[in-house]
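These notes are about the structure you will find just below.
Here, each number is a calculation from the coordinates, and none is a lab measurement. Note that the coordinates shown come from a computational prediction; the quantities given were computed from them, not determined experimentally. Cβ placement follows ideal geometry from the backbone for every residue including glycine, while neighbour counts extend to all protein chains displayed.
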Amino acid sequence: MPIMGLFDGIVDALKGTEASVYAGDRLLSDGYALESMSDQPLYAALMSPGPPMHAFEMVRSYRHLAGFGVMLIDTPSPDNRLTLDQDGEPVIHYILSEADKARFRHGIAEAIRIMFLAGAKQVYLPTTEDVLGNGAPAAILTSPEQAALVAKNLRFTPNQTIVTSAHMQGTNKMGRRCNDR
């Protein structure tokens, strides 16, 4: 899940190192990693859903945004799979387990706190779920204390919360045979 912060100073995410990962000795026990990210201004608008003016403000303030992704090490499940439909097109079947959701929420809350510690004035999450309990159409956080509300209220509701993957993070476990239930 991408987390973006708005800073007073210019960050200019398209300059310098494009991505890096910090993998500490708690990576496997905590089940997530934090990866820096950079992309085009359009990505900022897409990854912070809300009303049209919110998307416009995300693009307009792009040079003041910095972000990273919380990369979950998810639990293998035989129900998560890729199948082909009747036309031979791929269909993804993927559901986060409750244990994965709990670890993911913990990682996202930690990422929110880190973003504020780095000096962010606001932090944006790619969800329209009411994670703060205030009925807001976009998740715009203004203090590190709100991380606890996100950890409590985020449900990863399909079509409300965006969970992305730019690559397989080394967790693409393959079996010996194809099972197309």
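A few comments on the model shown:
- Taking label positions 7 Å along the Cα-Cβ direction at both Ala99 and Leu84, the computed distance is 3.4 nm, reported to one decimal.
- 3J(HN,Hα) along the range 148-161: 5, 5, 4, 4, 7, 9, 5, 10, 6, 5, x, 6, 10, 10 Hz, from the Karplus curve 6.51 cos²θ - 1.76 cosθ + 1.60 with θ = phi - 60°, whole Hz, x for Gly and Pro.
- Sequence-distant residues sharing a close amide H with Met4 (under 5 Å, placed H): Tyr124
- Proportion of all alpha-carbon pairs of the range 1-147 beyond 18 Å (%): 62
- Mean sequence separation of contacting Cα pairs (under 8 Å, at least six apart), scaled by the length of the range 1-146, corresponds to a relative contact order of 31 percent.
- Projecting the Cα positions of Ile73, Ala45, Gly88 onto the charge dipole of the range 2-138 (unit charges on Cβ atoms of Lys, Arg, Asp and Glu, taken about the Cα centre) puts Ala45 furthest along the positive direction.
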